[in-house]
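To start, the structure under review is shown below, and the notes come after it.
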Amino acid sequence: MLKIYGVYRSRATRPLWLAGEIGLPFEHVPVIQAYRLPDPNAPGAPVNTRSPEFLKVNPMGSIPSIDDDGFVLHESLAISLYLARKYGGDLGPKDVNEEALMIQWSLFAATSIESSALDIQSAKADTAEGKAQVADAARNLERPFDRLEEHFAKTDYLVGDRFTAADINVAEIVRYARGHAALFANRPELNAWYERCTNRPAYQEMWAKRNAEPA
Ligand SMILES: N[C@@H](CCC(=O)N[C@@H](CS)C(=O)NCC(=O)O)C(=O)O
């Protein structure tokens, strides 16, 4: 059976949400980030990204990873695209062009959005330094978010005029910037797309499980 490694409070949300959309059975192995533990090597510490047993699965020591009947894969965005293509029906690509577009949007989000969006999420907004960090990150996001706004003015989803794994990958990266409301207030199409994606029952179910985990 498919195993998904990684707690819900991590980038594992991407394949976990996707598996929920498909109704794909899987075993969840809740590997936690080592940095969230006081002593990841302590006897009795939960399985974490520095545990020898997990390093055998992913020598990089990052989550998520999957093991699909012996096929081991890392990198959340690649995992979502793989699961969608193999098991996801319309969530995956219908042809090679759609596959390329799903990769394009996933890499666009990873390279042009994720780092600045994470800066927004992690900023201590009540400090001058935090405010400067948010302002800088928001400036960097103007261009990629304008690109998305333009796209969603023409079509409801990223690829093939239907909800796909590309929407999951990109929405879960865009989420990190949600704390900066102005970026969305000025971009109604982007905001409406984000809400379309996150109103889906499979997202809500994933999010409830994430909230049920200790912070
Ligand atoms: N590009 C990777 C990033 C994976 C990553 O950095 N994951 C974090 C959790 S969200 C992690 O495993 N950190 C482990 C650690 O710092 O110990 C992906 O998308 O899967």
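The values are calculated or read from the model by the stated rules, or taken from the named source; none is laboratory data. Here the structure is a predicted model, which is why all the values come from computation and not from measurement. Virtual Cβ from ideal backbone geometry, glycine too; neighbours counted across all protein chains shown. We work out accessible area using only protein heavy atoms, side chains counted, and drop any ligands, DNA or RNA first. Shrake-Rupley method; radii C 1.70, N 1.55, O 1.52, S 1.80 Å.
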Item to complete: Can you check how the C-alpha radius of gyration of the stretch 1-70 compares to 2.2 N^0.38 Å, as a plain ratio?
Response: 1.10
Worksheet item: When DSSP beta bridges are limited to those with both residues in the chain, what percentage is antiparallel, rounded to the nearest 5?
Response: 65 percent
Item to complete: Taking the Cβ of GLY89 as the centre, find all other residues whose Cβ is under 11 Å away and add up their charges (Lys, Arg: +1; Asp, Glu: -1).
Response: +2
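Where the accessible area of the chain is counted over protein heavy atoms with a 1.4 Å probe, how much of it, in %, is carbon and sulfur?
Carbon with sulfur: 53 percent of the solvent-accessible area.
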Worksheet item: Rg(Cα) of the stretch 93-200 divided by 2.2 N^0.38 Å?
Response: 1.08
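Over the stretch 135-215, give the accessible area per residue in Å² for a 1.4 Å probe, as an integer.
Counting only protein heavy atoms, the per-residue value for the stretch 135-215 is 47 Å².
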Worksheet item: Rounded to the nearest 500 deg cm²/dmol, what is the calculated helix-only ellipticity per residue at 222 nm for the chain, with -39500 (n - 2.57) per DSSP H run of length n ≥ 4?
Response: -16000 deg cm²/dmol
Worksheet item: Mind checking which aspartates and glutamates have their C-alpha under 18 Å from LYS209, skipping anything on the same chain fewer than 8 residues away?
Response: GLU21, GLU27, GLU172
Worksheet item: In Å, what is the Rg of the alpha-carbon atoms in the chain, and how long is Dmax?
Response: 17.6, 55
Worksheet entry | Summed side-chain charge close to ASP119 - residues other than ASP119 whose Cβ falls under 15 Å, Lys, Arg +1, Asp, Glu -1 | +1
Response to the item:
Sequence order, the stretch 182-199: Karplus ³J(HN,Hα) from phi using 6.51 cos²θ - 1.76 cosθ + 1.60, θ = phi - 60°, Hz rounded, Gly and Pro as x, gives 4, 4, 9, 4, 7, 10, x, 5, 4, 4, 5, 4, 4, 5, 4, 5, 7, 7
Worksheet item: Using heavy-atom solvent-accessible surface (probe 1.4 Å) with all chains present, what is the largest-first order of TYR35, TYR203?
Response: TYR35, TYR203
